[in-house]
Amino acid sequence: MATKINIKNLPTGYQSIITNGKHTIIGDEPIKSKGTDLGLAPGELVLAGLAMCKVATVRYIARQKKWDIRDVDAQLEQTVKREENGKLSTHVQVALKIEGDITEEQKHELLKQADNCYIHRMINGDWDIESAVEMEESTVETQ
């Protein structure tokens, strides 16, 4: 099933109303980039998606195996560099904290599974992003 996101960009800063048709969030750019800093920046949204997928995968596997875990926290930090050829090189550090009554072996398995989450595999996979085309007026849907 395809994922569809609609964005309505507002004239103030770079504020964007982001919706999937059911849930809505605000995106923006930081003040240093002439935004209003009222929402997550695009790179932060990508990183947040990866972090969420990792912690959800940990919880999913723990539930499947009936392992007793409590809080699962993640901290991701990305560093982006421009290479000589103009391409961007992105490095992401990932740290997870899994609380619960589990062994070191179980914790190791959960960390391994976190690196196998859907978004991690998607980011490492092949992408085919089409060039932007003009959208018809009736196509934009926001809540």
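The values are calculated or read from the model by the stated rules, or taken from the named source; none is laboratory data. Keep in mind that what you see is a predicted model, and the values were worked out from it rather than measured. Note that each Cβ is placed from the backbone with ideal geometry, even for glycine, and that neighbours are counted across all protein chains shown.
A few notes on this one:
- Meets criteria (free of Cβ contacts under 8 Å to residues at least 60 places away in the same chain and in contact with a strand residue (DSSP E or B) (Cβ under 8 Å, 6 or more places away or on another chain)) for Gly21: no
- Residue check: Gly21 meets all listed conditions (1) part of a loop (DSSP other than H, G, I, E, B); (2) within 15 Å of Leu96 (Cβ to Cβ); (3) among the small types (Gly, Ala, Ser) but one, namely (2).
- Scanning the stretch 96-117 for residues that are in contact with a strand residue (DSSP E or B) (Cβ under 9 Å, 6 or more places away or on another chain) and without any contact (Cβ under 8 Å) to a residue 12 or more places away in the chain yields a single hit, Lys107.
- Taking residues in the stretch 59-88 that are over 22 Å from Leu47 (Cβ atoms), and partners anywhere that are part of a helix (DSSP H, G or I), the pairs with Cβ atoms closer than 6 Å and at least 6 places apart or on different chains are Trp67/Gln106; Ile69/Ala62.
- Residue in the stretch 100-112 that is touching a helix residue (DSSP H, G or I) at 6+ places or on another chain (Cβ under 7 Å) and among the hydrophobic types (A, V, I, L, M, F, W, C) present: yes
- Residue satisfying all of: in the stretch 124-143; among the hydrophobic types (A, V, I, L, M, F, W, C) and modelled with pLDDT of 85 or more; nearest to the chain's Cα centre (by Cα) among these: Trp127
- His120 being surrounded by 10 or more Cβ atoms within 10 Å (Cβ to Cβ) and free of Cβ contacts under 8 Å to residues at least 12 places away in the same chain: no
- Number of the exception - Thr103 against (1) surrounded by 10 or more Cβ atoms within 10 Å (Cβ to Cβ); (2) under 22 Å from Arg59 (Cβ atoms): (1)
- Among the residues making up the stretch 31-64, those that are of a type in the set (Ser, Thr, Tyr) and either within 21 Å of Ala95 (Cβ to Cβ) or assigned by TED's automatic domain parsing to the domain that holds Ile98 (or both) are Thr57, Tyr60.
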